[in-house]
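As structure tokens, the structure follows; a few thoughts come after it.
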Amino acid sequence: MFDVLFKLKWFFKEYKKQYTIAIVLLILASVIEVLPPWLVGEAIDDMTGGGMTTSQLWIYVGAILLAVVVSYTMGYVWQYQLFGGAIKLDRILRKRLMHQFLKMTPTFYEKNRTGDLMARATNDLNAVSLTAGFGVMTLIDSTVYMGAIICAMGFFISWKLTFFAMLPIPIMAVLIQYLGKIVHERYMTAQESFGELNDSVLESVAGVRVIRAYVQEARDEQRFADMSEDVYEKNMKVAFINGLFMPITKVGTAICYVVALGYGAVLVSGGELSVGQLVSFNVYLGLAVWPMFAIGELINVMQQGSASLDRVQETLDYKADVQNPSSPQTVDTPHTIGFDSFTFQYPLSQVKNLQRISLNLKKGQTLGIVGKTGAGKTTFIRQLLMEYPLGEGQIVIGDVDLAKLTKEQVLDWIGYVPQDHVLFSRTIRENIKFGKEDATEEDIAEAIRLAYFEKDLEHLPMGLETLVGEKGVSLSGGQKQRVSIARALIKNPEILILDDSLSAVDAKTESKIIENIQTERAGKTTIISTHRLSGIQHADEIIVLDDGIITERGTHEELIALGGWYKEQYDRQQLEEVGA
């Protein structure tokens, strides 16, 4: 049960001073809190014995008030330190999770659902944070505070009465421990279901237009209702067990009171106990109610915290599939990019996705990549982005094996425009500056010009300050593509990669963008993957991929003369343009 505290020892060690102050003051406050009931009992005995004087009364009142003030002051300090520490743990783990999410490669996201990852970053982190604050408090209260109360009852009043009154507590502890194990199992199941629900909601929100287009609202609502019901039922099973903790504690406490009053009355009548001591004993039993509840809360919080920490730690312990080399080399500039008999297969694929790829691209050249859907164009590009472990053969940049370069150095050279254009829920200006944070107004204007976005910008309500909405929902497909292109161009990268990034613009706009890129990027490398052949006719080399194999290669003129797939596709597109 307490293994969660052992797992968090790194945190307690780092904030040792803060937690030491909190725990020491919490223990001292617990000890001080047992004094007032004893003072009350002594005062009652003095009153009933007729020996109480005014000065003695004021001494009792002053001592009780002093204990209350000291206890309150200590309580404020330990609560601030303890729960402040829990908030720090939440912040640290949240940062670590975000760092982990950002450095993970696609394989990680193929294995983990987004909704489940969100659940780990929210509900599970809250449960772990609760353990480091409320959990530690209940641990001290159910042990030290409870021990102080039992010792006070035993030393100040009667060990006999204390022994018999406390008999229900071991039975309660056994029952609560048993229930705690059930809570752990059911809570894990409930959290997994919550993650699935999160994932389903994300899919529905992202695909709401498709859902409406196919009139599937009712079906999607029913699916959500079914999943919600499943989460509800599993959480109710957790709540059912949680609900047993307090009744067990209340029953145990009630039995303690019955024993204390019954046997206490016998001791008073036999002269072994005074009335004041019996009153003090019952006040102590009242104080012991919370520690008894704390036992149940402790088991509950620790079990849920342990389950949640395991889920969070599982994510944090996941090793990125692509690791930087232990002794990386550096390259001043990527003057060449070479593939030497390179073969690659996705981790979950049953076939080779790239086979025996060999080519050499010099700085300043443009490479065009074409082929039918699923031919391997994006897979080829992903090798340069280092999204997956390298396959067989070799990729060389600037005469150095790609495996010997760090991801950061390689990606710093690259300006990448993907097929699915990801825009953030910010202004157009902020989305473009994402490629270069210190960009000037002149840099932004130049990037917009190169992306042929000037006219569109004039018609937007707030120009560069227009909010694009979530994933660029307020922009058309072509506008989103050009904002993405501007974001890549403002970086002025050594290697520009366009992965079918002009599919949503018309032929005239495409021609203008390609012309701008040719003119402004003279001397820098460009790689263009496309279905529209007009966008790569200027390329120094064009490769045709089919099932991951280069079937044709050459310049536009050479491929036309070859009379293969490229020429057939080119002729078909020419006819379509004429027909349009």
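When Rg and the Kirkwood radius Rh are both evaluated on Cα atoms of the stretch 282-378, their ratio Rg/Rh stands at 1.42. How many angstrom lie between the C-alpha centres of the stretch 103-139 and the stretch 215-256? If we compute the Cα centre of each part, the gap is 20 Å. 3J(HN,Hα) along the stretch 482-497, derived from phi through the Karplus expression 6.51 cos²θ - 1.76 cosθ + 1.60 where θ = phi - 60°, amounts to 6, 5, 5, 5, 4, 4, 6, 6, 5, 6, 6, x, 5, 10, 9, 10 Hz, with x in place of Gly and Pro. Across the stretch 487-533, the relative contact order, built from alpha-carbon pairs under 8 Å that are at least six residues apart, equals 59 percent. The base-10 log of I(q)/I(0) for the stretch 3-316, evaluated at q = 0.09, 0.13, 0.15 Å⁻¹, reads -0.62, -1.00, -1.19 [Debye formula, identical scatterers on Cα atoms, solvent excluded]. Amide H to amide H distances under 5 Å link Gly415 with Ile495, Leu496, Ile497, where only residues 5 or more positions off or on other chains count and H is placed in the peptide plane.
Close amide H pairs (under 5 Å, H built 1.01 Å from N) link Gly393 with Thr343, residues at least 5 positions away or on another chain. Excluding the site residues themselves, the longest part of the chain lacking any GluC sites (Glu not before Pro) in a DSSP loop with at most 14 other Cβ atoms within 10 Å is 1-271.
Note that the stretch 555-563 has calculated 3J(HN,Hα) couplings of 7, 4, 5, 5, 6, 5, 5, 5, x Hz, one per residue in order, obtained from phi through the Karplus relation 6.51 cos²θ - 1.76 cosθ + 1.60 (θ = phi - 60°); glycine and proline are x. Each of Ile542, Gln419, Leu559 was scored by the projection of its Cα onto the charge dipole of the stretch 336-579, and the greatest displacement toward the positive side belongs to Gln419; charges sit on the C-beta of Lys, Arg, Asp and Glu.
Take the Cβ-Cβ distance between Ile87 and Glu314 as r, set R0 to 22 Å, and report the resulting FRET efficiency rounded to the nearest 0.05. Could the numbers behind the result be given before it?
Working: r = 23 Å, r/R0 = 1.06.
Plugging the Cβ-Cβ distance into 1/(1 + (r/R0)^6) gives 0.40.
Local charge for Gln56 was computed over the other residues whose Cβ lies under 15 Å away, with Lys and Arg +1 and Asp and Glu -1, and equals -3. This model, with +1 at the C-beta of Lys and Arg and -1 at the C-beta of Asp and Glu, gives the stretch 272-342 a dipole about its Cα centre of some 240 debye. Once Rg and the Kirkwood radius are both taken over the C-alpha atoms of the stretch 336-579, their ratio Rg/Rh works out to 0.97. Can you grab the distance from the C-alpha centre of the stretch 409-457 to the C-alpha centre of the stretch 168-199, Å, no decimals? Result: 49 Å between the Cα centres. Distance distribution note for the stretch 371-448: the fraction of Cα pairs above 13 angstrom is 76%.
The stretch 293-346 and the stretch 497-518 have Cα centres separated by 37 Å.
Between Val275 and Lys95, the distance separating the two model label sites (each 7 Å from Cα on the Cα→Cβ line) works out to 6.2 nm. Annotation: average projected area of the chain is 37.1 square nanometres, based on the convex hull of Cα atoms across all directions.
Computed from point charges on the beta carbon alone (+1 for Lys and Arg, -1 for Asp and Glu), the dipole magnitude for the chain about its Cα centre is near 1060 Debye. If the segment from Glu520 to Ile21 were pulled out straight at 0.36 nm per residue, it would be longer than the present Cα-Cα gap by 173.3 nm.
Bear in mind these aren't lab numbers, they're just calculated from the coordinates by the rules spelled out. Here the structure is a predicted model, which means the values were calculated and not measured. For neighbour counting, all protein chains shown are included, and Cβ atoms are generated from backbone atoms with ideal geometry for every residue, glycine included.
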